[in-house]
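Rule-based calculations on the coordinates, nothing more; no lab input. Fair warning: this is a prediction, and the values are worked out from it, not measured in the lab. Note that each Cβ is placed from the backbone with ideal geometry, even for glycine, and that neighbours are counted across all protein chains shown.
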Amino acid sequence: MSQTSAKKIEEVSSFMIAPYVHPQGCRGYLLVDKLSGDSIAIDVHLDFVNDMTKRLKDEYWNLLYVIDTHTHADHPSGSSSIAKNFNCLRMAHKKAEHSGVSNHPENGEELFLGESTVFVRHTPGHTPDHMGIYIEGAFFSGDSLLIGSVARTDFLGGDAGQLYDSIHSFLKEYPGDTVLFPGHDYQSKTKSTFGEEKKENPWLKIEDREEFIKNLTANPPERPANMDELLHLNREGVEIAKLISSEETKKIVEAGGAISIIDVRSEMEFEDEHISGSHLIPLDQLESRADEVRAIAAPRLLLCKAGGRASAAFEALDEMNIGGLSVIDGGILAFKETGGKTVKGKELDEDASSTSCSASLPIDFETGKKKDS
Ligand SMILES: [Fe+2]
């Protein structure tokens, strides 16, 4: 079983919920009506597609809808891929303007899985196109309320005041024992309830709307790696090309995207010369270090000397259900010929973990008091 597979099924009212967890922190879900097997896939990361597809087929669940709670800026969406596998309906808010998505649920719209009802709710703030999904006993909050945190609002038309209004509105409407299933989990806390969040979440301790806005906008985190490429992929629905040219790679590196390059050569070759910021994961270590690959922001660019080992790496990672890969055509040799810069010597991989959709907390988690920053 790969690391993105749902480890267990949660049961809430008339539903089963299979959570999928990505090493990058993203979470996606299969929401299934117990009796009929009718189901919805929520926030499908490209790396979840194969695992989810297999699960749906093995269990004879009937996938009716695929929903992105919002336009994702930190990972490639697998919605179009999984929708193609099952020929089912893709949904997003009308403000999302995703190519190929013509079904836009209104605020309060009901969807039916067998005899069970699912409510879609417009929850703007993180982005204007953000939606949450409510079933009796649980809420899929996407990137609005997170466990112990809230989403950031500093890009894609986000609005901290709207986020405050959205969160407080659904917290007020739904009961305290409503189970929270967020779109991200950065602290290995996988489950919470509205009641627990009201008690523990430092952002919910800020009662004043203006104070909330001031704190949330005070300390914006860095933009997600490859954000422009990811937005293009997620909005246009294009697939990541299997091969990327050295010219294109040079542009990405110059724009700060070297952290998505996975160099599959040997340690010795890497030390001799490499692209600064790239990750060294030699071809023969890919299997044992697959989770490190998953934690690197997609599109992930595979590099070797001339392209042969990178192509082999593509095949090996594909076998492990890891998507979002491109082979750098002609390897580091072609990259240098194009004028790309390299460095010599040892360089430690940067921490590839991401907190890119969560707010950065300017207050102390335990005390609720402001941190000195
Ligand atoms: Fe997000």
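Here are some notes:
- Relative contact order, percent, the chain [alpha-carbon distance under 8 Å, six or more residues apart]: 16
- Relative contact order computed over segment 10-218 (Cα-Cα under 8 Å; 6+ residues apart), in percent: 15
- Pairs from the list Lys95/Lys198; Lys57/Lys95; Lys57/Lys189; Lys84/Lys242; Lys8/Lys54 with a Cα-Cα gap above 26 Å: Lys95/Lys198; Lys57/Lys95; Lys57/Lys189.
- Note on Glu236 and Asn87: the extension gain reaches 51.8 nm, defined as 0.36 nm multiplied by sequence separation minus the Cα-Cα distance.
- Computed over the chain, Cα set: Rg, Dmax in Å: 21.0, 63
- Within straight-line reach of Lys205, meaning a Cα separation under 18 Å, sit the following lysines at least 8 residues removed in sequence or on another chain: Lys172, Lys214, Lys369, Lys370, Lys371.
- For segment 240-337, the relative contact order comes to 37 percent (Cα pairs under 8 Å, sequence separation of at least 6).
- If you take all other residues with their beta carbon under 9 Å from the beta carbon of Ser246, and give Lys and Arg +1 and Asp and Glu -1, the sum is -2.
- Summed residue charge, Cβ within 12 Å of Asp154's Cβ, Lys/Arg positive, Asp/Glu negative: 0
- Computed E for Arg209/Lys95 - FRET, C-beta separation, R0 25 angstrom, nearest 0.05: 0.65
- Local net charge near Pro76, Cβ-Cβ under 11 Å (Lys/Arg +1, Asp/Glu -1): -3
- Were the residues from Asp272 through Glu59 laid out at 0.36 nm apart, the gain over their Cα-Cα distance would be 71.7 nm.
- Most mobile listed residue (Leu146, Leu333, Leu31) in the chain, GNM with C-alpha springs under 10 Å: Leu333
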